[in-house]
1. Right, residue 21: at pLDDT 85 or above, outside any strand (DSSP E or B) and either touching a helix residue (DSSP H, G or I) at 6+ places or on another chain (Cβ under 7 Å) or over 30 Å from residue 103 (Cα atoms) (or both) or not?
2. When you look at residue 66, is it touching a Ser or Thr at 6+ places or on another chain (Cβ under 9 Å) and β-branched (Val, Ile, Thr), yes or no?
3. Could you count how many residues in region 101-122 are of a type in the set (D, E, K, R), exposed (fewer than 11 other Cβ atoms within 10 Å of the Cβ) and closer than 25 Å to residue 65 by Cα?
4. Condition first: over 23 Å from the mean Cα position of the chain (by Cα) and exposed (fewer than 14 other Cβ atoms within 10 Å of the Cβ). Now tell me which residues in region 75-100 satisfy that.
5. Applying the selection to region 24-74, what residues are of a type in the set (Lys, Arg), modelled with pLDDT of 90 or more and either part of a helix (DSSP H, G or I) or loosely packed, with under 12 Cβ neighbours inside 10 Å (or both)?
Amino acid sequence: MLKENEPIKNEQRFLIDKSSLIPIKYTDYNIMNIEMNIYEVKLQEAGVKAYELRTKSKEQLQEQLVDLKKELAQLKVQKLTRPSLPKIHTVRKNIARVLTIINLQQRESVRAFYKGKKYSPKDLRAKKTRALRRALTKNEKSLTTEKAKKAAIANPARKFAIKA
């Protein structure tokens, strides 16, 4: 049984009862799915936090990405000797997180560059729907011709009152 406040190692495995979600007992790798409601759970190392990545510069993120890719390559080699490495999953997700933050930062800088300009790249424009993109803007809708303006002034809406 796990004791309270006991640190869990990366590769510990134990059975969990599906209904109570309380660890029942530790198990070896070859024990799998003893009953229908008991499953083996692999504990994984916590991934890199996105809010921590957002504080880093582009160069730091690139360095971290290179390190993570090296680590993934090493884990793939280790996978040949040890069939299940839960850390591979974590490293792959960390790589995805780093790439996502890099992409977001690039898009942010491009957005800032094009702010206030007449045109912006298509991938930065609002997606909306095709019909909404082609619809007239508020300003275009409100525009009227000179003739229509004169007609509106010459023929204002009549006001009628009923005598009681």
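1. No: the conditions fail for residue 21.
2. Here the answer is no, as residue 66 does not meet what is asked.
3. First, pick out the residues of region 101-122 that are of a type in the set (D, E, K, R): 107-108, 111, 115, 117-118, 122.
Now drop any that are not exposed (fewer than 11 other Cβ atoms within 10 Å of the Cβ), which leaves 108, 115, 117-118, 122.
Keeping just the survivors that are closer than 25 Å to residue 65 by Cα gives 108.
Of the residues in region 101-122, 1 are of a type in the set (D, E, K, R), exposed (fewer than 11 other Cβ atoms within 10 Å of the Cβ) and closer than 25 Å to residue 65 by Cα.
4. If the condition is that a residue be over 23 Å from the mean Cα position of the chain (by Cα) and exposed (fewer than 14 other Cβ atoms within 10 Å of the Cβ), then 76, 77, 78, 79, 80, 81, 82, 83, 84 are the ones that fit.
5. Of the residues in region 24-74, the ones of a type in the set (Lys, Arg) are 25, 42, 49, 54, 56, 58, 69-70.
Right, trim to modelled with pLDDT of 90 or more and you get 49, 54, 56, 58, 69-70.
Once the filter is applied, which keeps residues that are of a type in the set (Lys, Arg), modelled with pLDDT of 90 or more and either part of a helix (DSSP H, G or I) or loosely packed, with under 12 Cβ neighbours inside 10 Å (or both), region 24-74 yields 49, 54, 58, 69, 70.
The values are calculated or read from the model by the stated rules, or taken from the named source; none is laboratory data. Computed from a predicted structure; not experimentally measured. Counting neighbours? That spans all protein chains shown, and the Cβs are built from the backbone with ideal geometry, glycine included.
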